[in-house]
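As structure tokens, the structure follows; a few thoughts come after it.
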Amino acid sequence: MPHTQRQQVCSWGLRSSLLLPLVLTLLSLSARPSRAALKIPADYHIDKKPPEITKHPVSVTIFAVEDFSMSCGASGIPPPIFRWTKDGEEFDPGTDPELKITESVDSFSFSMLSNSMDTLKLYQGKYVCYASNELGTAMSNEAVLRTDVPPSQQKEKAVTVKADQGNSIVLKCDPPQSSMEPIIHWMDMKLRHLQLSNRVVVGKDGNLYFAHLIIDDNRNDYTCNVQYLATRTIFAKEPINLIVNPSNSVLQNRRPVMMRPTGSSSSYHALRDETIELECIVKGLPTPDIRWFKKNGELPESRAKKEMFDRRLQLINITESDSGEYQCIANNTQGKVTHTFTLTVEASPYWKKVPESQIYAPGENVRLDCEAKGSPTPVMSWTINGTPLSAIDKEPRRSVTGNTSLILKDVIFGDTAIYQCQASNKHGTILTNTYVYVIELPPQILTEDRKLYKVTEGQRVVMDCETFGSPKPKVIWDKETSSLLADPRVNLLTSGELEIDEVTHDDKGVYTCSVQNHNLSIIADLEVFNKTVILTPPRDLKVQPGNTAVFTCVGFHDIGLENPFIQWRRNRKKLFESPSDEKYTFEGPEFMIANVEPEDEGVYTCEIITTLDQAEASATLSLYDRPDPPSHIQISDPGQRAVTLGWTPGDNHNSLVQEYVVEFEDQRFKDKGWEELQRVKGNQQRALLSLWPYMSYRFRVIAINEVGKSDPSKPSEIHNTLAEAPDNNPEDVRSESSDPDTLVIAWEKIDYRNFNGPEFKYKVHWRRVLGGGPQWHESNTTAPPLTVNNVGNFSAFEIKVQAINEVGEGPEPDPVIGYSGEDVPLEAPMVVGVELINSTTIKVSWAAVGKETVRGHLMGYKIYVTWTGSRGHHRGRRSRESESTMIEETGPNDEKKVISNLRPYSHYELAVTVFNKKGEGPRSDPMAFETQEGVPGPPTSLTLDSPSETEMTLHWTPPAHPNGILIGYSLQYQRITENEDSPIQVEELDDPTATSFTLKNLDRRGEYQFYLRGRTKAEEGEPIKMRGATTLNGEPPKDLSVSVGENLVNVSWVAKKRHRNIGFHIHYKKNDGGKWKISEKVNSSQSFYQLQGLSPGSNYDLRFIHGNTTFQEKTINTAGTEVTEVQQSIATQGWFISVVSAIVLLVLILLIFCFIKRSKGGKYSVKDKEDGPMDSEARPMKDETFGEYRSLESDLEEKRTASQPSLCEDNKMCSEDTLNFNGSSVLTTDLNMDESLVSQISRPSVGPEGFHSLPDNSSLNPATNGMPNSVNILN
């Protein structure tokens, strides 16, 4: 659907009054009872709430009065009222003068005012807390209060125990009696824990057990420390002195014996979720090792823990399944002992199912399921607001099923209460509170109005219309543009939601949800987008290991959605880009896998994910490689010249084998290596091989697929064939005679595989064709060629060659004709003639030579044409030019030849020879001829010069190859236009010595194409071409741009290319009444100029003047702060300046004199320096400049140099070349030149040395076209 149609979905004004709305009623609460409870939304406010116990009172044993406190917490609206029972009777702590009450809105607690434990004993018992408000009563768990006296230590005497080495012993702890479990620490007198081991352990009874004694056990400070956490007390028992009597004989090893528990078995009872410890302490020598087992089962690995050097087995969070028999087995070298523990696990009641507190509407059915487990099985009972059901009037709507489920039918407001479910057995009682709150609430629509739903076509959409009320509201959906009931894709959910499957673009629009019989409704807008699809799915790839695999995935998504995200997966696992090893690379629709390995094989899925949907496509990546070599090479069915070879194919690595190559190796010629014998198709596993006689074969097989060849298989066994006579004679029997008087007989060697037997040779026959008789001459040889001497020049012979070996001869060969060696021809061609065709072409003719003089096969004729010089050059120049010769060949039957590409107007010589295979004969007599005059070549060069806007002067040099006598030039020119149809004008120049010509009355606005040709009597030659236009008169630049700094301004403009260069000046002055100053001459072709020496923070007027005409004016403001000009004083008077200048010059002369004296021996005098060549810095300047003088800064540099004699004394830095005073030139053009040169040199400066050295950008240092790019002004 077009995008414009999707945009219309967002409009709220599309309801059509012409369509009849269809109203649909959803399934809602009916008058009949239901089990559904009301789910109160988080933002729905309810004024009342039944009480809930938030803190249950806790059973406790009290050792001190100050530790007693009984607390209960509850919540509810309105706040609950607390009451208590003790041992089943009402108990009001507020009326007891011995108790202190602490009350708040949600808690109630009481504690003792008296400090007497005897008084506290009167309050021992079972307590239950009740919390009530108008909606019911919640009941707490039962809490038991007990009292006990703190443990106390009895006076003891010091104990000394004696025992023999090797015997076992038990040191008693006997902690004080208490209901608390003590923690035992055996320590020494320095309160350091004793070192325990599998030989020395502490039992659960607190005693210290020794499996056997050693001499090191002697000590007098075995102290048992007993800790009670509840009373925060520690008792230190009297130290025990243990004396170990050494044995006078070798200790006897002893079997393991149980020390604790005694006997072979014992029984234990425990409750579910408790932690129980089974203890097994043994004696024996050597110390026994202990292992634990469970009979008919295994120890629970996660809940079984071994402690005290494996003497204890601790079972954590035991369950009924842990009941059974456990064994502890103690071993040493003398035997073993076993103790069996029978563990019985029972359980206090615990919940399996607890009913939930819920809010219900009137008329609903309520079922409270309560299920508990325990061992023995608990007894279940129900109470309402803490009152047993037996004490409440019977209600036919209320029933109990199996004591586990309480059912209320057609609930009414009076059924609002808190229902207690209790489970009891001999180990205890548990209780849970569940409230049933029957309430009627007005309906509300909780879903936001005007909610927008976005889906793509084909998706499922669920539009929310969440309502709340008691009874449950009835919901109606309608849509003005379509019928909902008639569409099987529409599903109306009981929760009030409207579900549409397989959404289409027709489903877009506005939907209304309303509550029946109430003025409540909301609007939902459905927008449908085009489905995301994959246009170009990834394709299955087969890639070689190490290469790069590239998957491409191109999809289409609705333009109204954001750009999708492409997620790639391998075998459904997400893949991410790996910058470290560049394994995976994602570039738009492409996904690249570098260095593919076997682990990369799998199914790759491309997921194109938008904010609303996604599309996916998968492809498989598999690796393919060259095949493995075949195996099990076997030879069968051997014959004289054939054998059958079979093999077993190797792994093809996902690429079918296309063919197999069978190779062989002859064991007699191993140096030839393995050679190909036969190829068979890839679906075959055997081949019938044709063999040669007299060979010793070994075979191997190579498999080939689309990747390449496999490695060769292992070689087969050796197979030999018998010898036979040769089958064939050599081919291409011929004569290769080259030398005179010899016959060389040659042929193609027979492949060694066709020798067919041992002692292979060639039998060569020959005889003359004429005059030789019928007798054949013969000779045997092992290789070609065979040379026969003294047979004459170029004589015809019959020749043949036959193959032979030890077994026999080959078939009779047919003879062929051959010739003996050739010699060079004897005579030159006669009657040679030349016919001139044009200035570059001739026709040569000659008479054929006699065949007998050729002395070989006539191959043809060669014509030698030698250029000896141009006819226009005098002899001297002609002799200096090198001759050049061209050679033309003809066939053996030719007697004439046309030769082209000669130079016109030149001298030539010609000769003809005959040649055969041996070489050329003598040349014919030289024949001289001359070529005619031709067209000249183009002039060597052409330049253009424009003296005015309408004139153009052409300058040229004559043609390098006039090819005749030059009689003048032809000049053609044409104005260049878009249509190229302007007329060509011609100027004929009859002066052959002319080298320039001026064209007048040209169009100043046009561009011309010029053609210049030389002329001879033949015709005009090739032109030299040039394109150009006249030069326009110069104009001052326009559109000047200025860029201002603190003491300078940069002026730039666009120079005109065709215009002549002109000069202009810049006149400038401060607008505070100063005098006008002029810059140097500026060229219009520069495009840039920098005017320097301005004052910071000042306003200047600029005038740009060419001749006497001002062509542009500008006003500028320099940057920075204005420097106040010092008023003229005595320091600026002429006489004062002259005096100061004279003093300065004297000081300079004295400094120079001192400097020379301090140098090494005075290498030169001042006069020598003055008489020497003028320093480059003292050269006179160009026009409009003053001479150049040294600055004071350079003089100061001389002073600094003179003050450092060590530099001059230790090295050659003070040579004559180092006395080069630095100076700078300056260009000053001032309209009012009233300042003297001395004042310019001695002007103050702000430089770091106190004097200022002027910049180097002077007229002696031009920047562009010989003109300076900047000017320095001396104020």
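Looking at region 1118-1165, which of its residues are outside any loop (DSSP other than H, G, I, E, B), open to solvent by 80 Å² or more (accessible area, probe 1.4 Å) and at pLDDT below 85? Before you say what the answer is, go through the steps one by one.
Residues of region 1118-1165 that are outside any loop (DSSP other than H, G, I, E, B), as a first pass: 1130-1132, 1134-1158.
Still in the running and open to solvent by 80 Å² or more (accessible area, probe 1.4 Å): 1130, 1135, 1143, 1145-1146, 1149-1150, 1153, 1157-1158.
Passing the criteria: Ile1130, Trp1135, Phe1153, Lys1157, Arg1158.
Considering (1) touching a Ser or Thr at 6+ places or on another chain (Cβ under 9 Å); (2) at pLDDT below 95, say which one Ala703 fails and leave the rest.
(2)
Taking the condition of being loosely packed, with under 14 Cβ neighbours inside 10 Å and under 13 Å from Val701 (Cα atoms), how many residues in region 625-668 meet it?
Residues meeting the conditions: 4.
Looking at (1) over 30 Å from Gly833 (Cα atoms); (2) surrounded by 16 or more Cβ atoms within 10 Å (Cβ to Cβ); (3) of a type outside the set (Gly, Ala, Ser), which one does Thr1016 not meet, given that it meets all the others?
(1)
Looking at Asn133, Asn141, Asn115, can you tell me which residue is within 20 Å of Thr231 (Cβ to Cβ) and not assigned by the TED database to the domain that holds Phe235?
Values: Asn133 fails: within 20 Å of Thr231 (Cβ to Cβ); Asn141 fails: within 20 Å of Thr231 (Cβ to Cβ).
Just one listed residue meets the conditions, Asn115.
Sort out which residues of region 497-530 are loosely packed, with under 15 Cβ neighbours inside 10 Å, of a type in the set (Asp, Glu) and over 44 Å from the mean Cα position of the chain (by Cα), and write them in order of number.
Glu499, Asp506
Test of understanding: among Pro938, Pro962, Pro926, which residue is over 60 Å from the mean Cα position of the chain (by Cα), of a type outside the set (Val, Ile, Thr) and open to solvent by less than 50 Å² (accessible area, probe 1.4 Å)? Please lay out each step first, then the result.
Values: Pro938 fails: open to solvent by less than 50 Å² (accessible area, probe 1.4 Å); Pro926 fails: open to solvent by less than 50 Å² (accessible area, probe 1.4 Å).
Sole residue among the options that is over 60 Å from the mean Cα position of the chain (by Cα), of a type outside the set (Val, Ile, Thr) and open to solvent by less than 50 Å² (accessible area, probe 1.4 Å): Pro962.
Residues in region 310-318: is at least one more than 30 Å from Pro378 (Cβ to Cβ), at pLDDT below 95, not assigned by the TED database to the domain that holds Asn167 and not in a strand (DSSP E or B)?
So in region 310-318, the residues more than 30 Å from Pro378 (Cβ to Cβ) come out as 310-312.
If we keep only those that are at pLDDT below 95 too, we end up with 310-312.
When the remaining residues are screened for being not assigned by the TED database to the domain that holds Asn167, the result is 310-312.
With not in a strand (DSSP E or B) added as a condition, the list becomes 310-311.
Checking region 310-318: at least one residue is more than 30 Å from Pro378 (Cβ to Cβ), at pLDDT below 95, not assigned by the TED database to the domain that holds Asn167 and not in a strand (DSSP E or B).
Identify the single condition in (1) surrounded by fewer than 19 Cβ atoms within 10 Å (Cβ to Cβ); (2) in contact (Cβ under 8 Å) with a residue 24 or more places away in the chain that Thr782 does not satisfy, given that it satisfies every other one.
(2)
Across region 785-812, what is the total count of residues that are open to solvent by 30 Å² or more (accessible area, probe 1.4 Å), in contact (Cβ under 8 Å) with a residue 12 or more places away in the chain and over 30 Å from Lys851 (Cα atoms)?
Residues that pass the stated criteria total 4.
Yes/no per residue for (1) aromatic (Phe, Trp, Tyr); (2) under 27 Å from Asn433 (Cα atoms); (3) within 60 Å of the chain's Cα centre (by Cα):
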position: Val58; (1), (2), (3): no, yes, no
position: Pro79; (1), (2), (3): no, yes, no
position: Phe108; (1), (2), (3): yes, yes, no
position: Leu122; (1), (2), (3): no, no, no
position: Asn141; (1), (2), (3): no, yes, no
position: Val144; (1), (2), (3): no, yes, no
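What pairs can you find where one residue is in region 1079-1095 and without any contact (Cβ under 8 Å) to a residue 40 or more places away in the chain, the other is of a type in the set (A, V, I, L, M, F, W, C), and their Cβ atoms are less than 7 Å apart, with a gap of 6+ or different chains?
Ser1087/Trp1053; Ser1087/Val1054; Ser1087/Ala1055
For Arg303, state whether it is over 21 Å from Pro256 (Cβ atoms), of a type in the set (Lys, Arg) and modelled with pLDDT of 90 or more. Break it down stepwise before answering.
Values: over 21 Å from Pro256 (Cβ atoms): yes; of a type in the set (Lys, Arg): yes; modelled with pLDDT of 90 or more: yes.
Yes; evaluated as a whole, the condition is true for this residue.
Name the pairs whose Cβ atoms lie under 9 Å apart, with the first residue in region 136-156 and of a type in the set (A, V, I, L, M), the second open to solvent by 80 Å² or more (accessible area, probe 1.4 Å) and not in a loop (DSSP other than H, G, I, E, B), and 6 or more positions between them or separate chains?
Pairs found: Ala143/Lys126; Val144/Lys126; Leu145/Lys126.
Being open to solvent by 40 Å² or more (accessible area, probe 1.4 Å), touching a strand residue (DSSP E or B) at 6+ places or on another chain (Cβ under 6 Å), farther than 25 Å from Val226 by Cβ and outside any strand (DSSP E or B), is that true of even one residue in region 175-197?
Looking for residues that are open to solvent by 40 Å² or more (accessible area, probe 1.4 Å), touching a strand residue (DSSP E or B) at 6+ places or on another chain (Cβ under 6 Å), farther than 25 Å from Val226 by Cβ and outside any strand (DSSP E or B), one finds none in region 175-197, hence no.
Counting just the residues of region 575-586 that are charged (D, E, K, R) and surrounded by 10 or more Cβ atoms within 10 Å (Cβ to Cβ), which one comes out farthest from Glu616 (Cα to Cα)? Can you show your working first?
Of all residues in region 575-586, those charged (D, E, K, R) come to 577, 581-583.
The next check asks that each one be surrounded by 10 or more Cβ atoms within 10 Å (Cβ to Cβ); those that pass are 577, 582-583.
On the way: Glu577: 19, Glu582: 25, Lys583: 22 Å.
Top of the filtered list is Glu582.
Which fully enclosed strands (runs of 3 or more DSSP E) of region 357-398 have 3 or more residues being among the aliphatic types (A, V, I, L, M)?
Details: elements: 358-360, 366-369, 371-375, 379-384.
Where strands (runs of 3 or more DSSP E) fall fully within region 357-398 and carry at least 3 residues being among the aliphatic types (A, V, I, L, M), they are 379-384.
Let me spell it out: the conditions are (1) more than 30 Å from Gln1009 (Cα to Cα); (2) more than 52 Å from the chain's Cα centre (by Cα), and Ser1043 meets all of them except one. Which number is the exception?
(2)
So which residues in region 669-681 are touching a strand residue (DSSP E or B) at 6+ places or on another chain (Cβ under 7 Å), surrounded by 13 or more Cβ atoms within 10 Å (Cβ to Cβ) and either polar (S, T, N, Q) or more than 20 Å from Gln634 (Cβ to Cβ) (or both), if there are any at all?
Once the filter is applied, which keeps residues that are touching a strand residue (DSSP E or B) at 6+ places or on another chain (Cβ under 7 Å), surrounded by 13 or more Cβ atoms within 10 Å (Cβ to Cβ) and either polar (S, T, N, Q) or more than 20 Å from Gln634 (Cβ to Cβ) (or both), region 669-681 yields only Gln678.
Quick check on Glu562: is it at pLDDT 90 or above, in the same structural domain as Leu541 (by the TED database), of a type outside the set (A, V, I, L, M, F, W, C) and farther than 30 Å from Lys681 by Cα? Reasoning before the result, please.
Values: at pLDDT 90 or above: yes; in the same structural domain as Leu541 (by the TED database): yes; of a type outside the set (A, V, I, L, M, F, W, C): yes; farther than 30 Å from Lys681 by Cα: yes.
The answer is yes for Glu562.
Given the conditions (1) under 30 Å from Phe997 (Cβ atoms); (2) modelled with pLDDT of 90 or more, which single one is not true for Asn916?
Against the list (1) under 30 Å from Phe997 (Cβ atoms); (2) modelled with pLDDT of 90 or more, Asn916 comes up short only on (1).
Could you please find all residues in region 689-713 being under 24 Å from Gly757 (Cα atoms) and not basic (Lys, Arg)?
Leu689, Ser690, Leu691, Trp692, Pro693, Tyr694, Met695, Ser696, Tyr697, Phe699
Determine, yes or no, whether Tyr861 is under 30 Å from Pro740 (Cα atoms) and not polar (S, T, N, Q). Steps first, please.
On the way: under 30 Å from Pro740 (Cα atoms): yes; not polar (S, T, N, Q): yes.
Criteria met by Tyr861.
Scan region 467-496 for residues that are within 52 Å of the chain's Cα centre (by Cα) and hydrophobic (A, V, I, L, M, F, W, C) and jot them down.
If the condition is that a residue be within 52 Å of the chain's Cα centre (by Cα) and hydrophobic (A, V, I, L, M, F, W, C), then Val490, Leu492, Leu493 are the ones that fit.
Quick check, is Pro712 at pLDDT 95 or above and surrounded by fewer than 17 Cβ atoms within 10 Å (Cβ to Cβ)?
Working: at pLDDT 95 or above: yes; surrounded by fewer than 17 Cβ atoms within 10 Å (Cβ to Cβ): yes.
Spelling it out, Pro712 is indeed at pLDDT 95 or above and surrounded by fewer than 17 Cβ atoms within 10 Å (Cβ to Cβ).
The values are calculated or read from the model by the stated rules, or taken from the named source; none is laboratory data. None of the values given here were measured: they were computed from a predicted structure. A quick note on method: Cβ atoms are made from the backbone with ideal geometry, for glycine too, and the neighbour counts reach across all protein chains shown. What goes into the accessible areas is simple: the full protein's heavy atoms, side chains included, and nothing from ligands, DNA or RNA. Shrake-Rupley method; radii C 1.70, N 1.55, O 1.52, S 1.80 Å.
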